[in-house]
Amino acid sequence: MKAHKRTIFICQGAVIAAAYVALTYVARIFGLDSGVIQVRFSEMLCILPMFTSAAIPGLYLGCLLANLLTGAVWLDVLVGPVATLIGALGTYALRRYKWLAPIPPVLSNALIMPFVLSYGYEMEQTIPFMMLTVGIGEVISVYILGLAVYFVIEKRAAKIFGGN
């Protein structure tokens, strides 16, 4: 039985990672992954730790792969997944509070990613300005889109995730 649960955990994490990469490409197609306010569809998956702990490594791996596959600078490849991991861990810790659980990914990205944008991509805006704009993008991605996903799968979570 233990091996079965481990296999399910790995498969769930892999599917989440693959979905993260695919949604990153969708945002790129529409040009939403760059600019002053970035709306990354993949970030809406940051609510998934509310349903399964498998989302934590899945989101980390998905962000890492997405950054590698989309040609991100080395600093983004190293730091971006860590910001996502911090957010996922925070979401998991707050999983019982649906209105608070999305805060950690918003904060971790708003506080960390402006430094990546400034030093890795040499963006000229001030770090406080980028904290605001990254934060706005994360609110759209995680709170608006993410909570929409939450409400769609909330009643089906036990069937989808098996009660993890």
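No lab work stands behind these numbers, since they all come straight from the coordinates. Note that the structure is predicted; figures quoted are calculated from it, not measured. Ideal geometry is used to build each Cβ from the backbone, glycine not excepted, and the neighbour counts take in all protein chains shown.
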Open item on the list: Using Cβ contacts closer than 10 Å as the measure, can you line up Tyr143, Tyr119 from fewest to most?
Closed with: Tyr119, Tyr143
Open item on the list: Run through the range 76-143 and list the trypsin sites (Lys or Arg not before Pro) located in a DSSP loop whose Cβ has at most 15 other Cβ atoms within 10 Å.
Closed with: Arg96, Lys98
Task: Helix-only CD estimate at 222 nm, as mean residue ellipticity for the chain, using -39500 (n - 2.57) per DSSP H run (n ≥ 4) - done: -20500 deg cm²/dmol
TODO: Give me the angle, in degrees from 0 to 90, between the Cα long axis of helix 74-93 and the longest principal axis of the Cα atoms of the chain, rounded to the nearest 10.
DONE: 40 degrees
Task: Helix axis angle, 55-69 relative to the chain longest principal axis, alpha carbon, degrees - done: 40 degrees
Task: Cut-off 17 Å (backbone N to label point 7 Å along Cα→Cβ of Phe151), residues of the range 24-58 - done: 44-45, 47-48
- [ ] Calculate, in nm to one decimal, what Ala18 and Phe115 gain on full extension: separation in residues at 0.36 nm each, minus their alpha carbon distance.
- [x] 32.3 nm
Open item on the list: Taking the beta-carbon count within 10 Å as an exposure proxy, list Glu122, Glu138 from fewest neighbours to most.
Closed with: Glu122, Glu138
Open item on the list: Counting just the Cα atoms, what span does the range 97-153 cover along each of its three principal axes? Round to the nearest Å and put the largest first.
Closed with: 39, 16, 15
TODO: Quick one: compute the contact order of the chain, relative version, from alpha carbon pairs under 8 angstrom and 6+ residues apart, as a percent.
DONE: 26 percent
- [ ] Take the Cα of Glu122, step 7 Å along the line toward its Cβ, and report every residue of the range 57-80 whose backbone nitrogen sits under 14 Å from that point.
- [x] 73-74
Task: Rounded to 10°, Cα long-axis angle of helix 103-119 versus longest principal axis of the chain - done: 40 degrees
TODO: Starting at the first residue of the range 128-139, write each ³J(HN,Hα) from the Karplus equation 6.51 cos²θ - 1.76 cosθ + 1.60 with θ = phi - 60°, in whole Hz, x for Gly and Pro.
DONE: x, 5, 5, 4, 5, 5, 5, x, 4, x, 5, 4
TODO: Please list the non-local residues whose amide H lies under 5 Å from the amide H of Met123, H modeled 1.01 Å from N, same-chain partners needing a gap of 5 or more.
DONE: Ser118
- [ ] Give the distance, in whole Å, between the Cα centre of the range 96-162 and the Cα centre of the range 1-62.
- [x] 12 Å
- [ ] Decide, for the range 1-154, between rounded, prolate and oblate: order the square roots of the alpha carbon gyration tensor eigenvalues as a ≥ b ≥ c, take rounded if a/c falls under 1.5, and otherwise choose prolate if a/b is larger than b/c, else oblate.
- [x] prolate
Open item on the list: Using Cβ contacts closer than 10 Å as the measure, can you line up Ser42, Ser34, Ser53, Ser108 from fewest to most?
Closed with: Ser34, Ser53, Ser108, Ser42
